[in-house]
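Read the structure below first, then the notes.
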């Protein structure tokens with residue numbers, strides 16, 4: 001049997017807000033006592049995680065005094081040193097505090113926009129202090145409940161101005177840091193600007209420093225909108241913009257559930273893992289999910305181990321798929337190419353276009369060919385269910 005023990009090369013990471021989730025929801029009080037950031041690092045070290053990520057206020061409370069902040073950082077750094085856990089990514093909380101009730105970078109109030117920039121610069125400093133190389137932006141409040149309240153084009157311009165500002169700040173400070181934008185269609189706002197990975201990719205190309213900015217797609221956020229997540233990831237990868245990824249699971253059409261990775265749609269999770277493994281994705285694999293509210297901290301450890309184990313099992317299944325002779329023979333048959341059409345592909349030229357205009361095609365013969373996708377899909381199911 002394959003070894004499904006987490007190893008550093010997979011760069012499995014969790015946020016302080018994931019394993020530190022205390023089981024509170026809109027209808028119920030917490031079911032777990034809070035742990036300090038250092039205690040959560042020790043927990044992640046115990047389960048074999050590679051890294052821990054944080055929002056600024058996951059680590060340092062928003063109203064902490066300088067002395068309190070230094071004490072927390074000292075304890076956190078000791079836990080990192082004791083466990084070997086690293087900090088690959090950091091981010092800013094621009095959504096919890098009431099000041100952000102109408103957004104941060106897109107707020108109608110210029111004081112809020114200025115405070116958001118100040119808070120972000122401080123949070124970038126904090127992330128870099130602990131070694132973060134990627135900085136994620138999730139615009140959780142950058143949206144509306146009513147479009148009477150904001151000019152959408154102006155809000156996008158404000159977001160662009162803010163991203164340009166923080167890019168210049170990083171350059172000015174000489175930091176080795178790049179940004180990853182995370183899309184979500186809604187929640188906690190009724191509608192959030194740039195709601196999908198595709199929207200974010202288009203937005204990035206309008207920035208002053210697009211080379212510094214990529215995306216952080218999240219399974220749940222795309223599945224909420226009924227989108228094929230792997231396709232969005234593939235688009236980001238092909239564009240050279242897959243800087244980070246959030247792994248979890250989700251039922252389409254529901255609130256953001258942040259379920260344990262692979263616990264809902266194992267087939268979609270398989271295709272995602274297979275894609276990441278096949279293309280050689282080397283950036284962190286971050287689990288942005290929560291343990292069930294029913295669990296104590298032993299259950300939280302079970303949750304964290306489960307996320308990593310499922311990924312490793314699916315990576316092993318992807319290797320089996322690639323080595324399966326029948327599956328590969330079917331794929332070869334499906335993709336058969338005698339080279340007769342090669343002359344028409346690639347860069348346009350007039351001679352090529354002229355020849356293509358006179359090329360005969362037997363539509364009936366071409367369309368009569370069965371593609372055997374049903375057989376291929378069932379072989380995939382058989383493999384996932386362990387009968388191949």
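Read the figures in this text as sums done on the coordinates, not as results from a lab. Computed from a predicted structure; not experimentally measured. All Cβ positions, glycine included, derive from the backbone under ideal geometry; neighbour counts span all protein chains shown.
Would you mind ranking 251, 115, 271, 311 by Cβ crowding within 10 Å, fewest neighbours first?
Fewest to most other Cβ atoms nearby, the residues stand as 251, 115, 271, 311.
So what are the radius of gyration and Dmax for the Cα set of segment 277-357, in Å?
23.1, 70
Relative to the present Cα-Cα distance, how much length would full extension add between residue 176 and residue 235 at 0.36 nm per residue of separation?
Between residue 176 and residue 235, full extension yields 18.7 nm more.
Please give the contour-minus-distance gain from residue 267 to residue 345: 0.36 nm per residue of separation, less the Cα-Cα distance, rounded to one decimal in nm.
Working it through step by step, the gained length comes to 24.7 nm.
What is the antiparallel percent of DSSP beta bridges lying wholly in the chain, to the nearest 5?
Percent antiparallel among DSSP bridges in the chain is about 15.
Would you please report the Å³ per residue occupied by the convex hull of the alpha carbon atoms in segment 239-328?
Residue-normalised Cα hull volume stands at 122 Å³.
Per DSSP H run of n ≥ 4, the term is -39500 (n - 2.57); total these for the chain, divide by its residue number, and report the mean residue ellipticity at 222 nm rounded to 500 deg cm²/dmol.
After summing the helix terms and dividing by the residues of the chain, the value is -14500 deg cm²/dmol.
Zone of residue 281 (label point 7 Å along Cα→Cβ, backbone N under 17 Å): which residues in segment 306-350?
Under cut-off, by backbone N: 307-319.
Pop a pseudo-label 7 angstrom from the Cα along the beta-carbon direction at both residue 186 and residue 7 and give the gap in nm to one decimal.
That separation, rounded to one decimal, is 4.4 nm.
Which of 302, 338, 249 moves most in a GNM of the chain, Cα contacts under 10 Å?
338
Nearest 10 degrees, 0 to 90: what angle lies between the long axis of helix 110-129 and the longest principal axis of the chain (Cα atoms)?
80
Which residue, 323, 269, 365, tops the fluctuation ranking in a GNM of the chain built on C-alpha contacts under 10 Å?
Between 323, 269, 365, it is 365 that shows the largest mean-square fluctuation.
With axes computed from alpha carbons, what is the tilt in degrees of helix 266-279 against the longest principal axis of the chain, rounded to the nearest 10 within 0 to 90?
Between the helix axis and the principal axis of the chain, the angle is about 80 degrees.
Given a cut-off of under 8 Å on Cα pairs at least six residues apart, what relative contact order in percent is computed for the chain?
15
Using Cα centres only, tell me the gap between segment 252-304 and segment 56-89 in whole Å.
Measuring centre to centre over Cα atoms gives 26 Å.
Scale the Cα Rg of segment 325-384 by the rule-of-thumb value 2.2 N^0.38 Å and send over the ratio, two decimals.
1.58
Which of these, 89, 121, 200, has the largest mean-square fluctuation under a Gaussian network model of the chain (Cα springs below 10 Å)?
121
Taking every pair of distinct Cα atoms and averaging 1/r, then inverting, what Kirkwood hydrodynamic radius in Å comes out for segment 95-210?
14.5
What's the exposure ranking of 17, 138, going from fewest to most Cβ atoms within 10 Å?
So the ranking, lowest neighbour count to highest, is 17, 138.
Just for the Cα atoms in the chain, what are the lengths along the principal axes, largest first, rounded to whole Å?
77, 52, 42 Å, listed from the longest principal axis down.
Kindly express, to the nearest 10 degrees and within the range 0 to 90, the angle between helix 66-83's C-alpha long axis and the longest C-alpha principal axis of the chain.
Approximately 50 degrees, to the nearest 10.
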